1. Classify segment 144-293: rounded, prolate or oblate, from the alpha-carbon gyration tensor (a ≥ b ≥ c, eigenvalue square roots; a/c under 1.5 rounded; otherwise prolate if a/b is larger than b/c)?
2. As an exercise, use a Förster radius of 35 Å and the Cβ-Cβ distance of Leu369 and His312 to find the FRET efficiency, rounded to the nearest 0.05.
3. What's the FRET efficiency of Ala3 with Glu337 using the Cβ-Cβ distance as r and R₀ = 56 Å, to the nearest 0.05?
4. Going by a ≥ b ≥ c, the root eigenvalues of the Cα gyration tensor, does segment 309-399 fall in the rounded group (a/c under 1.5), the prolate group (a/b larger than b/c) or the oblate group?
5. Sorted by mean Cβ packing within 10 Å, highest first, what order do the peptides 308-319, 371-382 take?
6. Within segment 290-348, report the trypsin sites (Lys or Arg not before Pro) that DSSP leaves as loop and that have at most 11 other Cβ atoms within 10 Å.
7. Which part of segment 233-262 falls in the paramagnetic zone of Glu389, meaning amide N under 19 Å from the point 7 Å along Cα-to-beta-carbon?
8. What length, rounded to one decimal in nm, is gained on full extension from Val109 through to Ala127, with 0.36 nm per residue of separation minus their alpha-carbon distance?
Amino acid sequence: MEAPRLIAGLTRLVRDVGTAEEMAQDALVAALEQWPNEGVPKNPGAWLMTTAKRRAIDQIRRNETYRRKVEEVGRDLEEATPDIGDVVAEDDGIGDDLLRLVFVACHPVLSTEARAALTLRLLGGLATDEIARAFLVPEPTMAQRIVRAKKTLAKAQVPFEVPQGDELAARLSSVLEVVYLIFNEGYSATAGDDWMRPQLCADALRLGRILARLAAREPEVHGLVALMEIQASRAAARTGPDGEPILLADQNRSRWDQLLIRRGLAALEQAEALIDDKPGPYVLQAAIAACHARARHFDDTDWARIAWLYEHLAETMPSPVVELNRAVAVSMAFGPEMGLALLDQLMEIPAMQNYHLLPSVRGDFLAKLGRLPEARAEFERAASLTRNERERTLLLARAAACG
C-alpha cells in the first residue's frame, strides 16, 4: 500500500521513475530487515519515506552532476525529519500525486458530469467512447464535455493540491463517484478483449483506502471502500482459465478472497456506526454486496433483503440502472414475472435504449419463463450492443442455448 506513495514522492525528488522505484524497493527491504528486531515505528509510511530519501541522497552523492541537488534534498530532509523514529508524513499527510490529480479533476469549477468524465480520462486511461458508455450519453457529447473541462481548469489555474476543511467535504462526493466509476470499469470492462481490467480496480481500491484515512468520519467513504473490497474479493472467480466470464450463480465461492471480504465487512460496520440519519448510496450498495459475501452458496442468498435494499437505493439515488438491478433482485426473490414487469417500465427510457444489460437481463427472465424464442432475440440484441468481446461471446452462447 505504501509503495506507490513512495515512488510518487521520490519521483518528485529524483525526476526519474525508474530510480524512484529502486529507492522505494531499497526502503522496503530495509524495513523487512529492521522492523522484526526493532519493532514497527509509530508512523511506518513516514519511516519508509525518510529511509528512501536517504537512499536517494546516497545515490545522488555518487553522481557529481547532482551535487547541488544533494544539498537541497539534504537540507529539506534535515529540517523536516530530525528523528527518523518520530518523523511525520510530508506535505498534506497523503503524499499521493494520483489523489491530488483526482481532486484537481473534481474541482467545483466543473460540473459533476465533467468531473467524473475528466478523471476517468486522466486517471483511468479510458477512451472517450468508453466514458460515454459509462455515462449513457453519445460519444460526441462526451468528447465536447472533456474538452470544455480541460479548458475550464486551465483558465481557472487550479492548483495541484488536496483541498482542506470545508472545501474537502464539498468535493468529496464527486471524488467518490469518480473512484467508483474507475473501479467499475476495471471490474466489468466496457470494451476490449478482457472481461476485467484488474489494474483499474487496484488503483480505485488504493485511492479509496487513502480517502478513508483522509475523511475518517465520513460514512460514505467507508461505504465505498466496503463495496469495492467485497466486489474485488470475487475477482479470481469471475473468469475461467481462458479469461471467459463466469456469472455470479456459477462462481466457485471458495475462490473468493476471504481477506478482502473481512476487510469489506469491517469497513461496512465502521460506515454504519457513523450514520446519523439514513444510509447513503455507497453504504446501501455495500450492504447489498455483503448479502452476497455472506451467502456460502448462491441459493443461500437473501434476495428479499437485497430487493429491499435496492428499493431504498432507488429512493436515495434514482437511476434506471438501479431499477434494472432491483428488477433482478425482485425476480430472484419473487419470480421472473414480477421482475419482467419492472423491466418493461424501463424499455421506453431513452438512456436505456442502447444499454446492453437491459436486453441481457430481459433475456434471462424470458428464458426462465420458457419463452425461448423471445429470450434468444434479447440475448442477440444484447450481444450486438456490447463492446466487450468476452461479454459478446457469452451472450451469443446464451442465445444459442435457447435453441
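Please treat every number below as a calculation from the coordinates, not as lab data. Keep in mind the model is a prediction, meaning the values are calculated, not measured. Every residue, glycine as well, gets a Cβ built from its backbone with ideal geometry; the counts of neighbours run over all protein chains shown.
1. oblate
2. Details: r = 28 Å, r/R0 = 0.79.
After rounding to 0.05, the efficiency reads 0.80.
3. Working: r = 52 Å, r/R0 = 0.93.
Between Ala3 and Glu337 the formula returns 0.60.
4. Oblate.
5. Descending packing order for the listed peptides: 371-382, 308-319.
6. Numbers: sites: Arg294, Arg296, Arg305, Arg326; in loops: Arg296.
Counting only loop positions with at most 11 other Cβ atoms within 10 Å, the trypsin sites (Lys or Arg not before Pro) in segment 290-348 are Arg296.
7. 239-246
8. 4.2 nm
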